[in-house]
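Undergrad: There's a structure below that I have some questions on.
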Ligand code: IMP
């Protein structure tokens, strides 16, 4: 791969990601045995995580995809969120597990949980690959979290900076992150 345009430092290696995703898959498989599991993947950042996670889940489950748009100023999400791609399949009566790349302020996930809990689902929980805590504005506690980190702007393994770097196989911290605004969702 050509040299990235921004300075960055590896935070979670490919091996660490693979190990942790396998653990999450095993835990979810045990917890949802006998249930009607739907993995509701939040596009676009969670697509690589979800692709790896679903193949470590040993239960029959469905996959569906949503996309949200959020409008925030600079690095913070303002909490004005709307669903630009709704789910495609029946969700009433089923056990939803939202699959997200990263929870930062928590406003997006809080909105999604509220939205899906009003859809006659049997249960709604969430799994995030990264639980980034420093700027949290809600009291959300992840049902499943791959890794916790305090701060920083992370890219790779699906996470982008202005649509760049999603295809990096590991996760990196942008070293000059303070200079960057978080890329808004489409
Ligand atoms: P929240 O509503 O502040 O929790 O924002 C969640 C969304 O912001 C994530 O789904 C990402 O799209 C984006 N985001 C937050 N932090 C990062 C990061 O470090 N790297 C890439 N995207 C991020």
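FYI, it's all coordinate maths here, none of it is from the lab. Small disclaimer: the values here were computed from a predicted structure and weren't measured. Don't worry about glycine lacking a Cβ; one is built from the backbone with ideal geometry, like all the others, and counts go over all protein chains shown.
Undergrad: Can you pull out the residues in region 131-144 that are in contact (Cβ under 8 Å) with a residue 40 or more places away in the chain and within 14 Å of the chain's Cα centre (by Cα)?
TA: If the condition is that a residue be in contact (Cβ under 8 Å) with a residue 40 or more places away in the chain and within 14 Å of the chain's Cα centre (by Cα), then 143, 144 are the ones that fit.
Undergrad: Go through region 110-130 residue by residue and tally those that are without any contact (Cβ under 8 Å) to a residue 40 or more places away in the chain and either crowded, with 22+ Cβ neighbours inside 10 Å or on the phi > 0 side of the Ramachandran plot (or both).
TA: Number of matching residues: 4.
Undergrad: On the basis of being farther than 18 Å from residue 120 by Cα and in a helix (DSSP H, G or I), does residue 26 make the cut?
TA: So residue 26 passes the test.
Undergrad: Which residue pairs have Cβ atoms under 8 Å apart, sit 6 or more places apart or on different chains, and have a first residue in region 26-48 that is closer than 23 Å to residue 158 by Cβ and a second that is within 13 Å of the ligand (Cβ to nearest atom) and assigned to a helix (DSSP H, G or I)?
TA: Once the first residue is closer than 23 Å to residue 158 by Cβ and sits in region 26-48, its partners that are within 13 Å of the ligand (Cβ to nearest atom) and assigned to a helix (DSSP H, G or I) give 39/50; 41/47; 41/50; 42/108; 42/112.
Undergrad: Out of the residues in region 87-101 meeting the condition of being assigned to a loop (DSSP other than H, G, I, E, B) and surrounded by 13 or more Cβ atoms within 10 Å (Cβ to Cβ), tell me which one is farthest from the ligand (Cβ to nearest atom).
TA: 94
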